[in-house]
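> Handing you this structure, nothing more for now.
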Amino acid sequence: MSFLVDSVIMVTSQVLFFGFGWLFFMRQLFKDYEVRHYIVQVVFSVTFAFSCTMFELIIFEILGALSSTSRYFHWKLNLYVILLVLIFVVPFYIGYFVVSNIRLLQRQKLLFACVVWFTFMYFFWKLGDPFPILSPKHGILSIEQLISRVGVIGVTLMALLSGFGAVNCPYTYMSYFLRNVTDSDILALERRLLQTMDMIVSKKKRIAMTRRQMYQRGEDQSKQTGIWGMIRSVTSPPPNSENLSLIQQEVDALEELSRQLFLETVDLQATKERIEYSKTFQGKYFNVLGYFFSIYCVWKIFMATINIVFDRVGKTDPVTRGIEITVNYLGIQFDVKFWSQHISFILVGIIIVTSIRGLLITLTKFFYAISSSKSSNVIVLVLAQIMGMYFVSSVLLMRMSMPLEYRTIVTEVLGELQFNFYHRWFDVIFLVSALSSILFLYLAHKQAPEKHMTM
Amino acid sequence: MASLDRIKVLVLGDSGVGKSSLVHLLCQNQVLGNPSWTVGCSVDVRVHDYKEGTPEEKTFYIELWDVGGSVGSASSVKSTRAVFYSSVNGIILVHDLTNKKSSQNLYRWSLEALNKDSSPTGVIVTNGDYDREKFAENPVPLLMIGTKFDQIPENKRNDVLTRTAFLSEDFNAEEINLDCTNPRYLAAGSSNAVKLSRFFDKVIEKRYFTKEPNQMTGFTDRKRFNFKNLHYD
């Protein structure tokens, strides 16, 4: 009886998440495009719904809601479904939509989509070889095989995003890094841009006029057919076409210049807006926050280095350690069990919400930046894949932040994975990503003022 | 070459509707082989015979400014784009017949371009709401072009064409529906070619042959204004 009630609750919450994913897709991601293949929207919402359900189950685990057998059942069910979606459904549809964009392969879309899927599976399987993620007692078709590989990909993604985010966040918040841009800089660049456009226009007018004269005089290119025509064009090429190709080259160079000027102007405008924003209250608040974040970022890099160098993976989670410290060193007595449950609930809740929100925002930004009307379907599916893998591995890694009694369900359901490996791998990739982002941002920052010096 | 004066027509529309292909077709009479994203603005020139076939025939160069981007771009991109909108003599609004959103976005595109127009008779719109009457007395001629005509499925054709007819009424503009990869749609003598020619004639008339003060914002235009007075017959 209770199982039925629990299942109803789970299904309702899944429907809610599905609806939220659907709305997000329509309102945010696809607001400039028309949805022609509803399957894309369905797949995206399904991935989102099942990923959120996993987080929900963790919360229920901490709170002790629902009976533990039904929780276990739903965990397993959810895991199977999400693996099915991430490994079979989404890659297949990605292959299908990529193939349908290529004109040559229109005839046998399904066949080629299957070929793409098999290639994906091959590389996916090969991915597991260099990593010590499994104990040898697992069979070939067990769920641990699939989860371990999904975990590797997802953890790499998480670490890359965290590393970059940890460095980029203070860089964007703090106004210390803002270059000084005045209105006259922008006006000067705009004037240059317009002048370049004018030059392009006048050269194109010359080309058009010359072409028209050639056409009227019958000196068309099509007249130079036949052997005689070719020989004649070699010895004495018509002077106009030589001129034309020269002017055309100049036009190409000018067009490249105009594109660069345009991008620089956009950059300056964006910087000017950021300067204006930093003078408001919100801007100042974020500026201060930026300083805190930079300290946090340095701390995290430091900790990651220590973890790698000293080959240690933290055994206790922050909640228990925090409680230990307060009880032992500060001498405050309180009901450990009660508080540990609530604190871990809050902590895990915050982690979940911020990671979902952060991921959705990043995905949206990424989508706006690179999608076009042709590739929007493919990109959304790729984003759904990334999102699914990201959430699965955050469940994996979240195990570390929870006290022992709540870890059991994750360990039980996901099987005997080498969790320590994942944490080590996360630290390594985080370090690499953070350091390379620092390098990248430093170079970009250095290069920009030099560009303006040449004005 | 100094006798050929300057006329600027903007080509606006969402990204991916086919503006670059269209401009290439209009100016080079050839199909664009490898369309790629337009960064910033690309200009091309079309030679147009004003009042073709009559004794007052005169050749003009029409500059087609193909401005890339989407309506939802960041405000820094929008402010940079605004640089291209000054002293505009005509606007071609391009939308994709297979994508309804691109037609709806045309309102926002036209507002963005016309709001930047600093002429005294320009469209003054508050709150970004479009007002039909204002479009009716708008001094800048508009033309609506729907692309990817060949990709509409047969059964939807009537609905799409009715919808675009309503749209062009709202803008008080002519409409042309074509496929940019097929020059047949603009073959000489076809109704599309006639509409196009009429549009360009209207643009030229508004620019040169009417006595009301037109948009003369840039100092380059003022120089040409003097030129125009010199060789005006």
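What follows draws every value from the coordinates through simple rules; no lab data is involved. Everything quoted here is computed from the prediction, not taken from an experiment. Glycine gets a Cβ as well: all are built from the backbone with ideal geometry, and neighbour counts include every protein chain shown.
> Mind sorting A:Lys284, B:Lys202 by how few other Cβ atoms lie within 10 Å of their own Cβ, fewest first?
Ranking A:Lys284, B:Lys202 by Cβ neighbours within 10 Å, fewest first, gives A:Lys284, B:Lys202.
> Tell me which of B:Phe200, B:Thr98, B:Ala187 sits at the most positive position along the dipole axis of the range B:6-209, charges placed on C-beta atoms (Lys, Arg +1; Asp, Glu -1).
Going by the Cα projections, it comes out as B:Thr98.
> Applying a 10 Å radius around every beta-carbon, put A:343-354, A:119-130 in order of their mean neighbour count, most first.
Highest mean packing first, the order is A:343-354, A:119-130.
> Shielding of B:94-105 by partners, i.e. mean partner chain Cβ atoms within 10 Å per residue?
2
> Which entries of A:Lys109/B:Lys100; A:Lys284/A:Lys446; A:Lys365/B:Lys19; B:Lys19/B:Lys156; A:Lys31/B:Lys19; A:Lys31/B:Lys100 have Cα-Cα distances beyond 19 Å here?
Exceeds cut-off: A:Lys109/B:Lys100; A:Lys284/A:Lys446; A:Lys365/B:Lys19; B:Lys19/B:Lys156; A:Lys31/B:Lys19.
> With 10 angstrom as the radius, rank B:His48, B:His95, A:His37 by how many other C-beta atoms surround their C-beta, starting from the fewest.
A:His37, B:His48, B:His95
> Greater than 19 Å separation of Cα atoms is the criterion. Which listed pairs, B:Lys51/B:Lys206; A:Lys205/B:Lys202; A:Lys203/B:Lys195, meet it? Mind showing how you got there, number by number?
Values: B:Lys51/B:Lys206 14 Å; A:Lys205/B:Lys202 21 Å; A:Lys203/B:Lys195 28 Å.
Beyond 19 Å between Cα atoms: A:Lys205/B:Lys202; A:Lys203/B:Lys195.
> Here is a follow-up. For each of B:Lys206, B:Lys156, count neighbouring Cβ atoms within 10 Å of the residue's Cβ, then give the residues from fewest to most.
B:Lys156, B:Lys206
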